[in-house]
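Enquirer: Quick one: the structure is below, and I'll ask about it shortly.
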Amino acid sequence: MTSGPPEQTFLELEAGSEWRFELEADENIAVRVLSPDPVFINSCELPPATWYPLYRHLKSSLYAPKPARIEVAPSLPASQYTSTSTTQPQLLNLHLALERCRILARRSAGPSEGSQAGPRVMILGPPSSGKSTVVKNLVNLALGSGMGWTPGVIGLDPSSPSNLIPGTISLSTPSIPLPTHHLAQPLGSPPTSIPSNTLSADVPTVGWWLGGLEPTNRNAEVWKALVSSMAQKWKDRCEQDKLALNSGLFVDTSSAFANPLLGTKKDDPKARYTLVAQAIEAFDIDTLLVIGHEKLHIDLSRLPTVQSRNMAVIRIPKSGGVVDLDETYRETAHNFMVRTYFYGEPSLTKEMGGLMGRMVSLDSGGLHPYSFQIGWETLVVLRVGEVNAAPSSALPLGSSRTLSPTHLSRVDPSGPAHVVRLLNTVLAIVSVSAEDRIVPEKVKTEPKVAEVKTEIGDGDVKVESKGEGEGGEEQGDGAEGEGEEAEEEDMEEVPFKEEIGTREVLGFIVITGIDHQKKKYTVLSPSPGKLPSTVAIAGSIEWVDSA
C-alpha cells in the first residue's frame, strides 16, 4: 500500500501580522509563499513559490507586511498561532535611521576615520529577550537594502555564537541576507560547512575561543584579551575596506552583560558594567540598543563611558513572540550546533522530499568527519587563564599569586583527573609559528665545593676542597633524583608565549577516546588530512555524538 502525498495546509495572513510557530523534537515542516506580496522570516524574504524547510526545535515567525497566503506541509505544528502584535515596525524605523547614518558615512569626505564610520550598534538585554533575533533582523534589513552594505557582525554571546561552536566569540561579514532554517548557526553558516551554491548564506567568520558559555568574574581578564584581539582585527579590516567601515557594526552580547557586577574587581568595587564599557571602547560603539529592560536602560544611560562619548541609548519593546528557553532546550541547541559543525547541514526529511515543486536545498550530502589517533606528545593541549591554576588557599601563608591572568598551563593526560576532564572535550586548534616558541634557557650551575677538615697533628688542620661529583655512589643517586625532577618540570613547562591563548582559532576537534597504554588520543576532525596545527586549547565545552 503506497502512502499518498503529504497533507498541506493553507494560511491567510493579515497585513502586518506574524505567524508564530514552535517546532517540537519530531516536527519538521516546509512553507512556501503563494501570494505575490513578499513574506519575511527575520527580515529575510522567502523565495516565492519555493518550499522553505524549517527543522525541529526551531522557534520563529513569518511576517507579512501585506495580506499574504502561505502553504504549510506536511502538517501544521502543534504550537502555532497568528498575531498582529509585532515589533517589526519599530525595527524597520530603527533600520531607516541606521541606513541614513550609513549613507552619510559613505558620502563623507572627511579624512578622519570617525567621519566615515557607519553606525556601531550594541544590543543588550536579559536572558530570552530576543537579542540574536533583533541582530539578525537588523543585519538582514541592511543586507536587503540594495546598497551593497557588508556590515560586521560581532558575536559576544558564547552560548549562541555566529556560525561556530558554543564557547566561541566571533566576527563575521555577511554579504547576503541570513536565512533561518534550524537552531545551529543563528547568524549564517561558515563557508566550510556547505557548498556555496545553496541559499544558506556562507559567511566568512573568524572565531576566538573562550571555552565557556558566558563571561564570568573568573575569566574576565581572558575575555578582555579576546575582545581586544577581536577589535584589533575589525580595525585592520576597516583600514583595508572602506565599505566595511561605512557599513557599520552590530554586536550581539551575552545576557550576562545585564549583570552590573560582571567583571568588577576587588580593588574597584564600585565599578559597574565593566565588560560593557570595555566592549564600547574596543569597538567604538556609538549606539546601545536595550530590549525591554527598563532598569538596564537607565543604568547604561548613566554609565560614565556612555555619557563621556555622548552615545545614544535606545530601548525597544520585547517581542510578544519571544519564548523563554529552559536549560534543556539550550543544551539541545548547543549539541546541534556542534554536530552541524562536524556533520554539516541536516538533510531533507522523507516528507519534505516528497513535496511537489522547488525546494530551498540545504542538503550537501553531509560532511564526512574523520576519526584518527594522535600521540600525547604530538598534540599539545593547553588551558588558558587563572581559573585553571591552583587556588590561592593552596599557596604558602603570606604569599600572593604572580601568574598572569592569561597564562597557559599544559594538560597532562596521564592523571585520572585529567582523563575525566579531557574525554569528550572540544579543543580549539590555534596557529603557532616559530616566533611563538620559547626556547628554555639552560642555567649553568657551579658545582658545590665541600670543605673537609683533617687533623694532621700538633693541632694543625688541613682543609681540602672536594667537588660534589667526587662524592661517589651516594652523589650518583642524588643526581638521578635531580634529573627526574628536571624532567617533571619540563613536562609541566609550556614552550609557547601566552599570546597564542587569545589568538583566533583555525578549527575544532573533539577528543573521543584516550588510550593510556599507547599514550594516544582518539580525536574527531571535520575533515581528513593533517591537522593545521598540533597546539590546541581546551575549555569546558563537551560533546557526545548521541545521534
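The values are calculated or read from the model by the stated rules, or taken from the named source; none is laboratory data. Here the structure is a predicted model, which means the values were calculated and not measured. Don't worry about glycine lacking a Cβ; one is built from the backbone with ideal geometry, like all the others, and counts go over all protein chains shown. Keep in mind that these areas ignore ligands, DNA and RNA; they rest on the heavy atoms of the full protein, side chains included. Shrake-Rupley method; radii C 1.70, N 1.55, O 1.52, S 1.80 Å.
Enquirer: Quick check on my filter: what residues within the range 122-159 are in contact with a Cys (Cβ under 7 Å, 6 or more places away or on another chain) and at positive phi?
Expert: none
Enquirer: Restrict the check to the range 132-139 and report whether at least one residue is open to solvent by 10 Å² or more (accessible area, probe 1.4 Å), more than 27 Å from Arg330 (Cβ to Cβ) and among the β-branched types (Val, Ile, Thr).
Expert: no
Enquirer: Restricting attention to the range 495-545, which residues are outside any strand (DSSP E or B) and buried (at least 16 other Cβ atoms within 10 Å of the Cβ)?
Expert: Glu498, Ile500, Gly501, Thr502, Arg503, Pro526, Leu531, Ser533, Trp543
Enquirer: What residue, of Glu18, Glu24, is modelled with pLDDT of 95 or more and either assigned to a loop (DSSP other than H, G, I, E, B) or crowded, with 20+ Cβ neighbours inside 10 Å (or both)?
Expert: Glu18
Enquirer: If Leu46 meets every condition in (1) touching a Ser or Thr at 6+ places or on another chain (Cβ under 7 Å); (2) within 27 Å of Met147 (Cβ to Cβ); (3) among the hydrophobic types (A, V, I, L, M, F, W, C) apart from one, which number is that one?
Expert: (1)
Enquirer: Which is of a type in the set (S, T, N, Q), free of Cβ contacts under 8 Å to residues at least 40 places away in the same chain and in contact with a strand residue (DSSP E or B) (Cβ under 8 Å, 6 or more places away or on another chain), of Ser35, Ser79, Ser17?
Expert: Ser35
Enquirer: Pick out the one residue from Ile285, Ile291, Ile298 that is open to solvent by 60 Å² or more (accessible area, probe 1.4 Å) and among the aliphatic types (A, V, I, L, M).
Expert: The conditions single out Ile298.
Enquirer: Could you name every one of the strands (runs of 3 or more DSSP E) located completely within the range 200-313 that has at least 2 residues being under 15 Å from Arg120 (Cα atoms)?
Expert: 249-253, 287-291
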